[in-house]
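The values are calculated or read from the model by the stated rules, or taken from the named source; none is laboratory data. Since the model is a prediction, treat every value here as computed from it, not as a measurement. Cβ placement follows ideal geometry from the backbone for every residue including glycine, while neighbour counts extend to all protein chains displayed. Surface accessibility is based on the protein's heavy atoms, side chains included, excluding ligands, DNA and RNA. Shrake-Rupley method; radii C 1.70, N 1.55, O 1.52, S 1.80 Å.
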Amino acid sequence: MQTTTTTPRDEPFCLGIHSLNSRLIVGTGKYSSYEIMQQALELSGTECITVAVRRERLIDESGHNLLDFLDTSRYTLLPNTAGCFTADDAVRTARLGREILQGLDNPGADWVKLEVLADTKTLLPDPVATIEATQRLVDEGFQVLCYTTDDPVIALRLKQAGALSVMPAGSPIGSGQGILNPNSIRICLEYLKADDPDYPVIVDAGVGTASDVAIAMELGVDGVLLNTGIAHAADPLRMALAMKKAVAAGRLAYLAGRIPKKLYATASSPESGVIAPRGVKSRV
Amino acid sequence: MEIFVNGQARQVPAGMTVAELLKLLRIETRHVAVEVNLELVPRTQHPQHKLVDHDQLEIVTLVGGG
């Protein structure tokens, strides 16, 4: 029997020169131990993990280094500029991250997850400084993945500034509130992919549980970046597996094409051929 | 001479290079990047780059992050 399908075939997740077999990007922060982090990364199925750049601790000689616990031949590292509040500091941090990754011979040396924050309470990005930093980093040859809000106009400006991917937040970083405004994400997708359907859009931040990931993927984003949702779950290992399944389920559902929402019911069983109601005589 | 490493003042011999400082601090060079006075000093230049009085250094590594 020959079967045909009308839904699009899924492609590998292509981000610039990188081709990933998982659409989940997972952060390495906030785990209770490096061992739990290692196992969670494994269970999540991710091939790309984010890392932060920070001062080397010069006093604690016994302190372990994250790099002792990461198989850098297995994962593509995505260094971030988290904690930067100016374009200058973000550019410096990106250069430092690239220098370390080049020393590790990791393929992630060509890119950066750009965060230029505006406010410590909300961790909302500074959109003006983010656009400026994007332009400067692109000029220096970086592939820039931009953390931003779900504002479609800013998203488009970032793409025009040369961002490899625009990454709108579903809700504030670490808040676990999920996708607060799916309509904004829809408009971001429409604007960013208008003449360029393969342009990668990633939901970054706010994911609290598996259904949040599935909802993001069902909207048609290309990937999800998360950290706290796994790291701070009561059981991070189970949650890592749940996130892996959610990203796959959401992607499949998006490709399959959901049914439209309707106000009234539509019976699933045939409406004809029902047995005669009690007390009604059959006609001969 | 006095230099500042990650915000802390430190006395080191005059003319010390970045590579010599990292060795003194027993830092695994593969794990770090070094900036002197806001400018990145690439790994290949560590042996030649001589520090001068009042240099401000940032020595950074990778840590867990999202």
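Would you call B:ARG10 over 27 Å from A:GLU140 (Cβ atoms) and out of contact with any Ser or Thr (no Cβ under 6 Å at 6 or more places or on another chain)? Step through it out loud before you land on a result.
Details: over 27 Å from A:GLU140 (Cβ atoms): yes; out of contact with any Ser or Thr (no Cβ under 6 Å at 6 or more places or on another chain): yes.
Yes.
Could you tell me how many of the residues in region A:82-95 are at the interface with chain B (Cβ under 10 Å from one of its Cβ atoms) and in a loop (DSSP other than H, G, I, E, B)?
Number satisfying all stated conditions: 2.
Mind listing whichever residues of region A:143-162 are hydroxyl-bearing (Ser, Thr, Tyr) and in contact with a strand residue (DSSP E or B) (Cβ under 6 Å, 6 or more places away or on another chain)? Show your work before the answer.
Initially, region A:143-162 is screened for residues hydroxyl-bearing (Ser, Thr, Tyr), giving A:147-149.
Across region A:143-162, the qualifying residues are A:TYR147, A:THR148.
Every residue in region A:184-228 that is free of Cβ contacts under 8 Å to residues at least 60 places away in the same chain, in a loop (DSSP other than H, G, I, E, B) and either open to solvent by 20 Å² or more (accessible area, probe 1.4 Å) or away from every other protein chain (no Cβ under 14 Å) (or both), please.
A:ALA194, A:ASP195, A:ASP196, A:PRO197, A:TYR199, A:GLY208, A:THR209, A:GLY220, A:VAL221
Quick grid of which residues meet (1) basic (Lys, Arg); (2) at pLDDT below 95; (3) in contact with a Leu (Cβ under 6 Å, 6 or more places away or on another chain); (4) not in a loop (DSSP other than H, G, I, E, B):
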| position | (1), (2), (3), (4) |
| --- | --- |
| A:ILE25 | no, no, yes, yes |
| A:GLY29 | no, no, no, no |
| A:MET37 | no, no, no, yes |
| A:GLU42 | no, no, no, yes |
| A:THR46 | no, no, yes, no |
| A:ARG57 | yes, yes, no, no |
| A:HIS64 | no, yes, no, no |
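For region A:17-42, what are the residues that are surrounded by fewer than 18 Cβ atoms within 10 Å (Cβ to Cβ) and hydrophobic (A, V, I, L, M, F, W, C)?
A:ILE17, A:LEU20, A:ILE36
Quick one: B:LEU62 ticks every box in (1) crowded, with 18+ Cβ neighbours inside 10 Å; (2) on the phi > 0 side of the Ramachandran plot; (3) hydrophobic (A, V, I, L, M, F, W, C) bar one, so which box is it?
So the condition that B:LEU62 fails would be (2).
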